[in-house]
Amino acid sequence: MHDTINLENLGIPAVPVATAEFTSPARIQASALGRAGFDAIYVQHPIQDQTPQQIAARADAVVEEIVRRLTAS
Amino acid sequence: MQQLEKATAVPGLQPGKKALLVFFETDCPTCQLALPYLNALKKDSVQVIGLSQDDEAATREFVKQLRIAYPVELDRGLKISREYNPQSVPTIYLLDENGQLQSTLVGFDRQGLNELAAALGNAPIAPADDGAPAWKPGCSSRHLEPETQNDAKESSMKFLRRTAEPATRITLRDEEDPFEYCQKQFGDALPVVPPTVEKVAAMVKASGLAAETVIARVPPFYGEATVEKIAANAVMAGCVPEMMRVLLPLLRAACDERFNIHGVQATTHFAAPLVMINGPVRQELGFWSKQNVFSNVARANSSLGRAFQLILLNIGGGRPDGIDMSALGNPGKFSFCIAENEEENPWEPFHVTRGLKREQSAVSLFAAEPPRGVSEHTAPAGKTVLETISFALATVWSYRTCLMPEAIVILCPEHVKTIHRDGITKEQARQFLFENTGIPVRHYSKEERAEGTQLAANYKEITVRGEPCYQKFRSPEAISIFVTGGTAGKFSAVVGSWSTGATGSQMVTYPIPEK
Amino acid sequence: MAVTIVHPGNESVVKAATPPARLASLAGKKIGLLDISKPGGSIFLDRLEEILRTKYGAAEVLRTKKPTFSKNAPPQIIEQLRGMDAVVEGLAD
């Protein structure tokens, strides 16, 4: 979240992706950095013990939302 | 030696005198860190000239905020930058009396700055314990950036200020219970002492510093820890005013980039910063180092550890119900402060092994798991005691994970006595633990994909007790020894680490000033 | 008697930044994918890269990686991403 907001502050539209378990800290961090309401995109937790196919499916599930966040105003 | 024949003259550069040309950008954090150090160079040893790659307004602000005491010129149109062609800023060029390039220093480099100072006949200008990292890379030089990117400059300019506004005064309504209010707003789940204006003022006075002085910026919110706000948390934790002497270097140590408190606070791991106290300050402020050293035994240990945690919560924003995501947490997050029992330690004390003098009081920080106990009451030999401890060391982080973890061996007085009696030195004890902590290779199976097995190809195979094992630790230095506790009971402990090294947390030791 | 206390918490004010304008579409754009170095993240970003290229017409995808997830990205990584039209960071778990 911190890196993403640094990039946004440089004028680059950006979005972080995290697992749903990190919803609360991501929002608190965004708020502390002056961007209350700026949210991450969340995929199903966990990741580290998943097969490559399962991880790719996580990407499939959120790619539209990622594109929407980078392109919608 | 490269002869510098430059078409564009550096403004203010006097011929016949050694010079430092310091190229910088106003919004580069590394420049903001590095440039003030050059103030300390003796004026007659060298002429220092700052060359700003930014406009006049930004440069003026930079000089004012950071109190730059040497001449700063604007590099208009980046003409001088193009000639000298620094790849990143800050870059410092040392020119001799004839304008010949003597040396170049890139980025922030503590040792490099001190070597530069020494070459110019100065005392060191970058002290080892001021909280700055040993090294920090700079930003790309403005003349190498594409033209269009200067637009965003305005918004990215941020200065680290040295003083902040006074803390807000909160006057409670008559019917409000100050203990209830403070526990709810600023507590650690237990009641705190209300930080009244009078109590905080006494604490600030003991520090000898101005209330608004910024001591550190505490992650994850990078809240400004002013002397006054640190004092308020110290009052809440039950500290005596004299404790400010320990709390300020402790906070600087915590915010040392090597320690990486940001990572320690945010991880889902057990890690909590373990505070370790050495030297005469133990007697001066009453730090306890005997039985129950990890417990609720002494005001000094408990209140210092608690004040530190309250600062992390209240100023840093790392609340355990919010951004601190530790899966199980750590009882040490209430307070985690021990002192070494130097009197029962036949070897050199911990802070001496860490490079300080014995009579220097010191505070060390380690990103620690809770202690795991090791009982060994029957073995008569020192080596056997160490072997028993090595079995506990094998379980640090995760049994099959080698190389990454570190550990502190907390030796109780009875154990260290036995080991020392057998003629084993501190260095030999550490070496023995290093060589005898191994995980049997038969406990690894690739198919199970268990943590630690994936990296087994990088592990070193050794023989321990006649069995092929992977060596647990990467070097003897990954194991530290700290002697503390009561003189009855053959119970030592092993304290495991969080992620270590440059990508995790490195142990830091800071001197505590004399009273 | 009313008690007055000193605020012990963070009062540093962070100025609310203006979010940058979003893109009309990703077609023909340069997209940065910042890997935070958590296991599995690169597989996620591999898949994302593939879809951004094939389905959304991204002209260029720059892959870069933080040295560690536990710290903010160093200046060099931010510099690399400066030239991008948009960036996706992942994957935290």
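Answer with yes or no whether A:Thr71 is at the interface with chain C (Cβ under 9 Å from one of its Cβ atoms) and either surrounded by fewer than 22 Cβ atoms within 10 Å (Cβ to Cβ) or under 12 Å from the mean Cα position of the chain (by Cα) (or both).
yes
Restricting attention to segment C:83-91, does a residue exist that is part of a loop (DSSP other than H, G, I, E, B), crowded, with 19+ Cβ neighbours inside 10 Å and within 14 Å of chain B (Cβ to nearest Cβ)? Even if it seems obvious, please write down each step before you answer.
Residues of segment C:83-91 part of a loop (DSSP other than H, G, I, E, B): C:83-85.
Checking which are crowded, with 19+ Cβ neighbours inside 10 Å leaves us with C:84.
Still in the running and within 14 Å of chain B (Cβ to nearest Cβ): C:84.
Yes.
Please state which of the following conditions B:Asp188 fails to meet, knowing it meets all the rest: (1) facing chain C (nearest Cβ under 10 Å); (2) surrounded by 14 or more Cβ atoms within 10 Å (Cβ to Cβ); (3) of a type in the set (D, E, K, R).
Single failed check for B:Asp188: (1).
Yes or no: C:Ile78 outside any loop (DSSP other than H, G, I, E, B), within 12 Å of chain B (Cβ to nearest Cβ) and in contact with a helix residue (DSSP H, G or I) (Cβ under 7 Å, 6 or more places away or on another chain)? Explain how you work it out, then say what you get.
On the way: outside any loop (DSSP other than H, G, I, E, B): yes; within 12 Å of chain B (Cβ to nearest Cβ): yes; in contact with a helix residue (DSSP H, G or I) (Cβ under 7 Å, 6 or more places away or on another chain): yes.
Answer is yes for this residue.
Do the conditions hold for B:Ala367, that is, is it part of a strand (DSSP E or B) and among the aliphatic types (A, V, I, L, M)?
Details: part of a strand (DSSP E or B): yes; among the aliphatic types (A, V, I, L, M): yes.
Answer is yes for this residue.
Go over the candidates B:Arg400, B:Arg319, B:Arg372 one by one and state the one that is free of Cβ contacts under 8 Å to residues at least 40 places away in the same chain and in contact with a helix residue (DSSP H, G or I) (Cβ under 7 Å, 6 or more places away or on another chain). It would help to see each step written out before you state the result.
On the way: B:Arg400 fails: free of Cβ contacts under 8 Å to residues at least 40 places away in the same chain; B:Arg372 fails: free of Cβ contacts under 8 Å to residues at least 40 places away in the same chain.
Step by step, each of B:Arg400, B:Arg319, B:Arg372 is checked, and only B:Arg319 is free of Cβ contacts under 8 Å to residues at least 40 places away in the same chain and in contact with a helix residue (DSSP H, G or I) (Cβ under 7 Å, 6 or more places away or on another chain).
Being out of contact with any Asp or Glu (no Cβ under 9 Å at 6 or more places or on another chain), within 14 Å of chain B (Cβ to nearest Cβ) and surrounded by fewer than 20 Cβ atoms within 10 Å (Cβ to Cβ), is that true of even one residue in segment C:21-33?
yes
Can you name every residue in segment A:8-50 that is surrounded by fewer than 18 Cβ atoms within 10 Å (Cβ to Cβ), outside any helix (DSSP H, G or I) and more than 9 Å from chain C (Cβ to nearest Cβ)?
Hits for segment A:8-50 are A:Gly37, A:Asp39, A:Gln44.
Among the numbered criteria (1) in a loop (DSSP other than H, G, I, E, B); (2) modelled with pLDDT under 95, which one does B:Asn292 miss?
Unmet condition: (2).
How do the pairs read when you match residues in segment B:499-511 that are of a type in the set (Ser, Thr, Tyr) with residues anywhere that are modelled with pLDDT of 90 or more and part of a strand (DSSP E or B), using Cβ under 6 Å and keeping only pairs 6 or more apart or on different chains?
B:Ser505/B:Ala367; B:Thr509/B:Ala362; B:Thr509/B:Ser364; B:Tyr510/B:Val363
Could you say whether any residue in segment B:325-334 is among the hydrophobic types (A, V, I, L, M, F, W, C) and assigned to a helix (DSSP H, G or I)? Lay out the reasoning, then the answer.
Start the filter on segment B:325-334 by keeping residues that are among the hydrophobic types (A, V, I, L, M, F, W, C), which leaves B:325, B:327-328, B:334.
Then drop every residue that is not assigned to a helix (DSSP H, G or I), which leaves none.
No: zero hits.
Between a residue in segment B:98-112 that is closer than 16 Å to B:Phe23 by Cα and any residue that is in a strand (DSSP E or B) and among the charged types (D, E, K, R), which pairs come within a Cβ distance under 9 Å, given they are 6 or more apart or on different chains?
Correct list of pairs: B:Gly107/B:Lys136; B:Phe108/B:Lys136; B:Asp109/B:Lys136.
Please work out which residue is surrounded by the most Cβ atoms within 10 Å (Cβ to Cβ), limiting yourself to segment C:41-75 and to residues that are in a strand (DSSP E or B) and away from chain B (no Cβ under 14 Å).
Taking segment C:41-75 first, the residues in a strand (DSSP E or B) are C:60-65.
Remaining after also requiring away from chain B (no Cβ under 14 Å): C:60-64.
Details: C:Glu60: 13, C:Val61: 18, C:Leu62: 15, C:Arg63: 14, C:Thr64: 16.
That would be C:Val61.
Just checking: which of the strands (runs of 3 or more DSSP E) contained wholly in segment B:394-511 hold 2 or more residues that are modelled with pLDDT of 95 or more, farther than 27 Å from B:His351 by Cα and among the charged types (D, E, K, R)? Show your work before the answer.
Numbers: elements: B:407-411, B:438-440, B:461-464, B:467-471, B:479-483, B:491-496, B:508-511.
Result: empty, no element qualifies.
Could you check, for segment C:4-17, whether at least one of its residues is in contact (Cβ under 8 Å) with a residue 12 or more places away in the chain and at the interface with another protein chain (Cβ under 7 Å from one of its Cβ atoms)?
Start the filter on segment C:4-17 by keeping residues that are in contact (Cβ under 8 Å) with a residue 12 or more places away in the chain, which leaves none.
Scanning segment C:4-17 turns up no residue that is in contact (Cβ under 8 Å) with a residue 12 or more places away in the chain and at the interface with another protein chain (Cβ under 7 Å from one of its Cβ atoms).
Does segment B:55-75 hold any residues that are of a type outside the set (Val, Ile, Thr) and either closer than 14 Å to B:Gly12 by Cβ or touching a Gly at 6+ places or on another chain (Cβ under 8 Å) (or both), and which are they? Give the derivation first.
So in segment B:55-75, the residues of a type outside the set (Val, Ile, Thr) come out as B:55-58, B:60-62, B:64-67, B:69-71, B:73-75.
Within segment B:55-75, B:Tyr70, B:Pro71, B:Glu73, B:Leu74, B:Asp75 qualify.
When you go through B:Gly322, B:Gly305, B:Gly263, B:Gly318 one by one, which is the residue that is in contact with a Phe, Trp or Tyr (Cβ under 9 Å, 6 or more places away or on another chain), at pLDDT below 95 and within 22 Å of B:Val192 (Cα to Cα)? Let's see the steps before the verdict.
Working: B:Gly322 fails: in contact with a Phe, Trp or Tyr (Cβ under 9 Å, 6 or more places away or on another chain); B:Gly305 fails: at pLDDT below 95; B:Gly263 fails: within 22 Å of B:Val192 (Cα to Cα).
Of the residues listed, the single one that is in contact with a Phe, Trp or Tyr (Cβ under 9 Å, 6 or more places away or on another chain), at pLDDT below 95 and within 22 Å of B:Val192 (Cα to Cα) is B:Gly318.
Among the helices (runs of 4 or more DSSP H) lying completely within segment B:51-146, list those that include at least 3 residues that are exposed (fewer than 15 other Cβ atoms within 10 Å of the Cβ), modelled with pLDDT under 95 and of a type outside the set (A, V, I, L, M).
The helices (runs of 4 or more DSSP H) meeting that bar are B:56-66.
Going residue by residue through segment C:29-36, is there one that turns out to be assigned to a loop (DSSP other than H, G, I, E, B) and within 23 Å of B:Tyr222 (Cα to Cα)?
Start the filter on segment C:29-36 by keeping residues that are assigned to a loop (DSSP other than H, G, I, E, B), which leaves C:29, C:36.
If we keep only those that are within 23 Å of B:Tyr222 (Cα to Cα) too, we end up with C:36.
Yes, there is a match, as at least one residue in segment C:29-36 is assigned to a loop (DSSP other than H, G, I, E, B) and within 23 Å of B:Tyr222 (Cα to Cα).
Which members of segment B:153-211 meet the condition of being among the hydroxyl-bearing types (Ser, Thr, Tyr) and either at pLDDT 95 or above or farther than 30 Å from B:Leu35 by Cα (or both)? I'd like the intermediate steps shown before the answer.
Taking segment B:153-211 and keeping what is among the hydroxyl-bearing types (Ser, Thr, Tyr), we get B:155-156, B:163, B:168, B:171, B:181, B:196, B:207.
B:Thr168, B:Thr171, B:Tyr181, B:Thr196, B:Ser207 - these are the residues of segment B:153-211 that are among the hydroxyl-bearing types (Ser, Thr, Tyr) and either at pLDDT 95 or above or farther than 30 Å from B:Leu35 by Cα (or both).
The values are calculated or read from the model by the stated rules, or taken from the named source; none is laboratory data. Everything numeric in this text was worked out from a predicted model, so none of it was measured. Every residue, glycine as well, gets a Cβ built from its backbone with ideal geometry; the counts of neighbours run over all protein chains shown.
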